[in-house]
Amino acid sequence: MLYDIRLLIEYSYAVSSDHLRNLVRLLPCDIPGRQRVLSRHLTVEPAADERRDALDFFGNAMTTVAWHAPIDSVALQLMARVERRAVPQRLDLSPPVELLEEDIASVQTLGPEAPHHYRGASPRIRPFPEATAYARALIRPGMTALQGVEAVGRALNRDMKFDSKATTVETPPAEAFAKRRGVCQDFTQIMIAALRGVGIPSGYVSGFLRTFPPPGQPRLEGADAMHAWVRAWVGKEIGWIEFDPTNDQYAGLDYVTVAYGRDYSDVAPVRGVMRTAGGHESRQAVDVIPLDDEEQLAPAQGSE
Amino acid sequence: MTEAARKKPVQDIFAEYRLTPGVADELFDAQGHMRPVWRRFVDRFSRLTQEEIATRFERGNLYLRDAGVFYRQYSNDPLQEREWPLSHIPVILHEEEWAHICAGLSQRADLLEAVMADLYGPGDLVRDGHLPAELIAGSQQWLRPMVGVTPRGGHYLHFLAFEIGRSPDGSWFVLGDRTQAPSGAGFALENRMATGRIFPERFPRAHIHRLAGFFGAFRTAMEHLARGSAGRDRYAAILTPGPQNDTYYEHTYIARYLGMMLLEGEDLLVENGEAMVRTIQGPIPVGLLWRRIDAAFADPLELDSSSRIGTPGLMEAVRQGNLALVNALGSGILEMRAMMAFFPRISELLTGQPLILPNIATWWCGGESQRAYVRRNADRMMIGSAYAVDLPFDIGSTTALGGNFLNSEKRSIAEWIEAEGTSLVGQEAVSLSTTPAWVDAEDGGRVEPRPMTVRIFAARTPSGWHFMKGGYARIGKSGDAMALAMQRGGSVADVWVVSDKPVPQDTLAPPETGDFRRSTTGILPARSADNLYWLGRYVERTEDAIRLIRAYNLRLAQTDNPNDARLRRLRDFMDNYGYDLSRPIPPALIDRIEAARGCAAKVRDRFSTDGWAALNDLLKTTRRMTSTAQPGDDAARAMSVLVRKITGFSGLVHENMYRFSGWRFLSLGRALERADSLAALLAEFADPDAPQGSLDMAVEVADSVITHQRRYRVETSRNTVVDLLALDADNPRAILFQIQRIRQLADDLPHSRVNGRLAPISRAILPIEAEFCVRDPVEIDTARLIALRSELAHISDLVGAAYLR
């Protein structure tokens, strides 16, 4: 599938600030075998005094922009053309959940793909007893790690209600889980906490999801939003798989990956700190436009 | 204590010094013979009478109290400061033994650097199985943004501390490595100053190695690293988390001692990969930060995003090689307790040599055989978090000691180890040596053995690791020599490294020849200027309030009628500022003094110890008066006491503070505040509607009664009062006087002229000055005074915009 992606993020501050600095993770990257980026452009308004593009620890494109003089609003625009390829279905060669530990221990590296980064608590996700108990109840003895991931993702999709009013970006997973409500971020965080709780390394993926307009209606411009889903490590043989608990499916052709990390703090689209007091407002508009529109899949839920 | 007891030499009391079997002692060796290095000290000390000892110890305490040395717990209440717990008898080590220790620690420092370089570089130790990947990846101290970053100057570690202890067999071992932001070096200096007061004689003084050489060498190394090879003028500074931190006092002390800027995260900005300090002259580049904040908080953009004390972009300045951090971000990983289990083998692996000084025996419970070993030997171990970075005797959440949990835990230790093995370590429950400590001082005092550890400091210099010839000893509060007895509540002692011969007497004064040293006294960070400016304003505001409260209570005493018109007007006037005059000491007064003290606390490195003591004294006195003062005469007298105290502070500042930018901002704050309060006073009490007697009161509040009598020799009238308090260029309590002062101070600030033209502040003040020079009292009516107040507020805003952010 070929997509044109357009994203606009605008935010403004009540009080203007000098030396504002933002860390932007919006540029998609090539992922061998899955994703190829044909073009990508990130523009910022007002024009930044500094801009530096680099890769972060996890291999994500990280763009630093900084303004020296005081500014009170910023607009970031991404334009990208990305090809997404189908990943062939493979046999389930993952070890049983209870034996995954041995596979993990055999990986003696600290590279970004190593499962060790994705096990215990990370800045925004810490396994909590309710999620661990939930996952444990779903995983029957002898179940493979891959089956375990599917079982937890599927069950969460069944038990959680999509509700864009129930949570905010700051809501901790335990609280969203107690409500059994939330958006893609909550689904994803809860699933990560649950999987880590039973020893399955798992991380956070930010990106885009192709959405489908209601039957008979045109696609609304800017109606989409960024999406989040789960990445889990199911043994040396298979490695990482990506599952979207919000839509109960593997992240396939309808998905475009932007960044991988342990949790939202590693992949946040914009990180920046204000020196001045006062609040700020932000607005986000996303378009994911398929260029070769022949496949028709079931409609999927986006985030808020 | 009886007279006889007071005169008794303490010799007898040393005789009661009882050693613990199976525990080494600093004073006596294993055979019970006094170690030679202590002999001369003990000879002298035991000839003193108890009275002499008490006097000497009190001299040391006095020094510390006067110097403002205190210890504080993490808390928001600055008054929760504890007296510095000095154990007056030093720990004495012979220079040969000390050299042996340093040889071991030098080897260890190189090992730590090598492990650090590998963990943030090639990762061979993990790949080859010498360090478990999950331990490193699971630690919050391993900072991913640092992976692949080469530190400026090539080294990660520059300043280290080692906590060491002595085993029962007399040999030394390492309890913990401090690599993140080691504290205590400044306290070691203060301890030395205090013991210098206690034992001033030529012996022992001439035989004790000095500490200054260490600091001098380290400062030179830091300045060198800051400057770098590019030849750019970059400064070295100290980065502190701020006054909330429990060792903030030490940060201010070291900054003053070394003449370095003390910065907080918000003092810095990053521009084009270069860290800069915001100063009143504009941004100035910084090439090195001796950081006392934990690495994760240093940059909210790339590290912990919840940090409020960091600088966005600091990581970028590090990455681009423009900024050195002492120590590099991420060095906290070396403090992780589990590392101790792997260092001995890594040492042999990397250097072919075993560790000269062993570290406390440690087993990581991630491996099956280690787990089994710890389970079998749990009764002689401390078991706790593998990821903890505190010292073995600072107990974390769940710890088991000698086979028992220290907190309530339902599981058995065996179950616990089995379930959470990968996150646990077992450490040998070591015994420490004991050292003489003076105990029961209230009962005359005696010497008893107490367990101790010693913290030793190392600094990297171009010629290798340089060790402080001395240290910082922690003394346990009970005789129990188990390391765990060292947890909070003990005391600290000076460490003497003693030579058989007199030693060279170096100081921190620059050598006659040699490197040129830039002075940083001329650089004033904008935040320091801001705090000094507001300190000036708050102090003036407080003094003004004290005088008004006094005027009120004097009249209350005279009239005994709270409904007197003047009293009512004064009450309403003060009510606007939050002062409740129905109370003899209005609570708002304490708020104002606390605000002043809060500003002063943030600039303690630029501030005399006496000035700080004077402010504290003012606050304490006012608080004490709150419970005792009665309305009327008593309160008026109390206010007179406070007036004298606060003018004492002003005098200290005026007489002692170097006339540099910092002093100018403090003075500017005072001048603006005084001009404003005089305008407010006149607008209220020289108004034609003011009740009778108000004019006299205004003159009294403005402390100008005598001048007024001498100059006018007539009845007080509105004209005489306005003439004296608004238009007199020679009366420090006149608006014109203060306006002129503001203009002079503003002229001396940086950038006061731009391309030959006056800067906005001077342009705003000049017309006011001209006007007040030529006007008659009748022309300065209430409306003019009120307008003046908003003009002054505008000038204050201009000062803020130009210099204070």
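Going by alpha carbons, how many degrees (0 to 90, nearest 10) lie between the helix axis of B:526-559 and the longest principal axis of chain B?
For helix B:526-559, the angle is close to 50 degrees.
What average number of partner chain Cβ atoms lie no more than 10 Å from the Cβ of the residues making up A:119-129?
Mean shielding count: 2.
Residue B:469: which aspartates and glutamates have alpha carbons under 14 Å from its alpha carbon, excluding same-chain residues fewer than 8 sequence positions away?
B:95, B:96, B:97, B:494, B:506
Using Cα atoms only, what is the angle between the long axis of helix B:587-601 and the major principal axis of chain B, expressed in degrees (0 to 90) to the nearest 10?
50
Need the C-alpha centroid separation for segment B:148-189 versus segment B:380-441, integer Å.
21
For the protein assembly as shown, with the dipole built from +1 on Lys and Arg beta-carbon atoms and -1 on Asp and Glu ones, taken about the Cα centre, which of B:588, A:291, A:264 lies farthest toward the positive end?
B:588
Counting only other chains, what is the mean number of Cβ atoms within 10 angstrom of the Cβ of each residue in peptide A:56-67? All intermediate terms of the calculation are to be shown ahead of the outcome.
On the way: counts 4, 7, 1, 0, 0, 0, 2, 0, 9, 0, 9, 0.
Rounded to a whole number, the mean comes out at 3.
Between the helical axis of A:129-138 and the dominant principal axis of chain A, each derived from Cα atoms, what acute angle in degrees is found, rounded to the nearest 10?
50
Please work out whether the protein assembly as shown counts as rounded, prolate or oblate from its C-alpha gyration tensor, where a ≥ b ≥ c are the square roots of the eigenvalues and a/c under 1.5 means rounded, while otherwise a/b larger than b/c means prolate and anything else oblate?
oblate
So, counting K/R as plus one and D/E as minus one, what does the shell of residues with Cβ under 11 Å around residue B:479 add up to? Spell out each step's value before the answer.
Values: positive: B:18, B:450, B:477; negative: B:448, B:480.
Computed value for this residue: +1.
Classify segment A:122-163 as rounded, prolate or oblate from the Cα gyration tensor: take a ≥ b ≥ c as the square roots of its eigenvalues, call it rounded if a/c is under 1.5, otherwise prolate when a/b beats b/c and oblate if not.
oblate
Enumerate the lysines that residue B:620 could reach by cross-link, defined here as Cα to Cα under 29 Å, with residues fewer than 8 away along the same chain left out.
Residue B:620 reaches B:602, B:645.
Specify the inter-centroid distance of segment B:700-765 and segment A:175-212, based on alpha-carbon positions, in whole Å.
67
Using helices alone, I'd like the mean residue ellipticity at 222 nm for chain B: each DSSP H run of four-plus residues gives -39500 (n - 2.57), total over residue count, nearest 500.
-14000 deg cm²/dmol
Enumerate the amide H contacts of residue B:430 below 5 Å, restricted to partners 5 or more residues apart or on another chain; note that Pro and chain-start residues carry no placed amide H.
For residue B:430, whose amide H was placed from the backbone, the distant partners under 5 Å are B:483.
Is there a simple number for the mean count of other chain Cβ atoms within 10 Å of the Cβ of residues in B:293-301, and what is it?
Shielding by partners across B:293-301 averages 2.
Under a straight-distance cross-link criterion of Cα-Cα below 20 Å, which aspartates and glutamates are reachable from residue A:179, leaving out those fewer than 8 residues away in the same chain?
Hits, sequence-local ones excluded: A:130, A:159, A:163, A:170, A:244, A:248, A:304.
Give me the net charge for the shell around residue B:360: Cβ to Cβ below 12 angstrom, other residues only, Lys and Arg +1, Asp and Glu -1.
Neighbour charge sum, excluding residue B:360 itself: -2.
Can you list residues from other chains, or at least 5 along the same chain, whose modelled amide H is less than 5 Å from the amide H of residue B:399?
B:406, B:407
Taking a ≥ b ≥ c as the square roots of the Cα gyration tensor eigenvalues, with a/c under 1.5 meaning rounded and otherwise prolate when a/b beats b/c, else oblate, which class fits chain A?
Values: a/c = 1.60, a/b = 1.44, b/c = 1.11.
Because a/c hits 1.5 or more and a/b exceeds b/c, chain A counts as prolate.
In sequence order, what are the phi-derived ³J(HN,Hα) couplings for segment A:10-19 according to the Karplus relation 6.51 cos²θ - 1.76 cosθ + 1.60 with θ = phi - 60°, rounded to whole Hz, with x for glycine and proline?
10, 8, 9, 10, 5, 10, 6, 10, 8, 6
Show me B:730-739, B:699-708 ranked by packing, highest mean number of other Cβ atoms within 10 Å first.
Peptide ranking by packing, descending: B:730-739, B:699-708.
Values in this text are rule-based calculations from the coordinates and carry no lab data. Since we're looking at a predicted model, the values are computed, not measured. As a convention, Cβ positions derive from the backbone with ideal geometry for all residues, glycine included, and neighbour counts pool all protein chains shown.
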